[in-house]
Every structure is written in structure tokens, then in C-alpha cells.
1. How would 16, 26, 21 line up from fewest to most surrounding beta-carbon atoms within 10 angstrom?
2. Can you give the extra length, in nm with one decimal, that the chain gains between residue 26 and residue 13 once fully stretched, where that is 0.36 nm per residue apart less the Cα-Cα distance?
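Read-outs: derived from the displayed coordinates by stated rules, not from any lab. The shown structure was predicted, so the numbers you read here are calculated from the model rather than taken from an experiment. Because the Cβ atoms are built from the backbone with ideal geometry, glycine has one as well, and the counts that use them run over all protein chains shown.
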């Protein structure tokens, strides 16, 4: 059930950190520095 809450990085499979920027929700990987929006996942 936890897979819906924790997004995984495409490259290193690490758990992404969720950040809210205005109306956009971003997911940031602390390992490889990739930042993606919630819309692309």
C-alpha cells in the first residue's frame, strides 16, 4: 500500500522527496539530484 505514497527514482530507485512549489508538486531525488513533477510520473 505504501507504493502510492513513495515515488521511486527512475535512475537509482531511491525514494523521492516530495516538495510543493506553488501549485506544482515536485519530487526530488536526494541521490542523483533529479527533480520531476507529479504530472510526469
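1. 21, 26, 16
2. Working it through step by step, the gained length comes to 3.0 nm.
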